[in-house]
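Just so it is clear, none of the values below were taken in a lab; they were calculated from the coordinates. None of the values given here were measured: they were computed from a predicted structure. Here the Cβ positions follow ideal geometry from the backbone for every residue, glycine too, while neighbour counts run over all protein chains shown.
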Amino acid sequence: MSATDLQQHWENVYETKDTTRVGWFQQKPIISLNFFDFLKIPKDAKILDAGGGDSLLVDYLNDLGYQNITVLDISAGAIQNAQIRLGSLAEEVCWIVDDLSKCKLDGKYDVWHDRAAFHFLRKKKELDHYLDLVQKSVKQGGYLIVGTFSVNGPTTCSGLPVTQYSVGSLMEFFSDFFEPIKCLNTDHITPGGVEQNYTFCALRRK
């Protein structure tokens, strides 16, 4: 699938589906929020939610007092949904429409959060680019929080193939630049009642 086709795929998802009913929807992103609490992320931290779309994580972080938040997603429609939902609070968030497999970022972040975007990257050049991007974009001592489908999870999502990761393979992928702090497997229950197993890791930039 070309980059243009991929973007159109996601635009179509957000234009045609009730995103409170899609498989990845979370009413409250408990695991991600627990990592922020566990890592004691300060309220003035510069945070990137990579592939955040119209996830509610930005809402909860805002409610907790985090103000320096950037949300990046390939779908302009997803970001527009989030902006409409947030209303005037959307003006306090930095929004970026771009493709994680090829984008460039100028800033340095204290926290890079990615739930269920990374596992869509399957080609070597996409994975190499992501690793280069994240190691350049996370400050020394900063954190990477990443969640993917586990080896016991689905092999596709939204009609697209994904790469499954164990705790070991996820740690290994980032090991040149990040050291693991806490990793776990957890079950996500979709709005339709389907159980999906995820691998989550919090890693610190060396």
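Worth a mention:
- Environment charge of Lys206, counting only residues whose C-beta is closer than 14 Å and scoring Lys/Arg +1, Asp/Glu -1: +2
- Leu56 sits among other residues whose Cβ lies under 15 Å from its own Cβ, and their net charge, with Lys and Arg +1 and Asp and Glu -1, is -2.
- Order by protection proxy (mean Cβ within 10 Å, highest first), peptides 109-120, 90-101: 109-120, 90-101
- Based on the convex hull around the alpha carbon atoms, region 97-196 presents an average projected area of 7.0 nm².
- Over all other residues within a Cβ to Cβ distance under 12 Å of Ser137, the charged ones net out to +2, with Lys and Arg as +1 and Asp and Glu as -1.
- ³J(HN,Hα) computed for each position of region 182-190 - Karplus, 6.51 cos²θ - 1.76 cosθ + 1.60, integer Hz, glycine/proline x: 7, 10, 7, 10, 8, 9, 9, 9, 5
- Ranked by the mean number of other Cβ atoms within 10 Å of their residues, highest first, the peptides 65-71, 169-175, 48-54, 136-142 fall in the order 48-54, 65-71, 169-175, 136-142.
- Per residue, the average separation of C-alpha pairs within less than 8 Å and at least 6 apart gives the chain a relative contact order of 19 percent.
- Kirkwood-based Rg to Rh ratio, region 14-104, C-alpha trace: 0.95
- The chain - Kirkwood radius from inverse mean 1/r over Cα pairs (Å): 17.1
- The alpha-carbon of Lys43 sits under 26 angstrom from the alpha-carbons of these lysines, leaving out residues fewer than 8 places away in its chain: Lys28, Lys104, Lys108, Lys136, Lys139, Lys182, Lys206.
- If the segment from Leu64 to Leu33 were pulled out straight at 0.36 nm per residue, it would be longer than the present Cα-Cα gap by 10.2 nm.
- Remark on the chain: Cys94, Cys103, Cys157 stand apart, with no other cysteine beta carbon under 4.7 Å.
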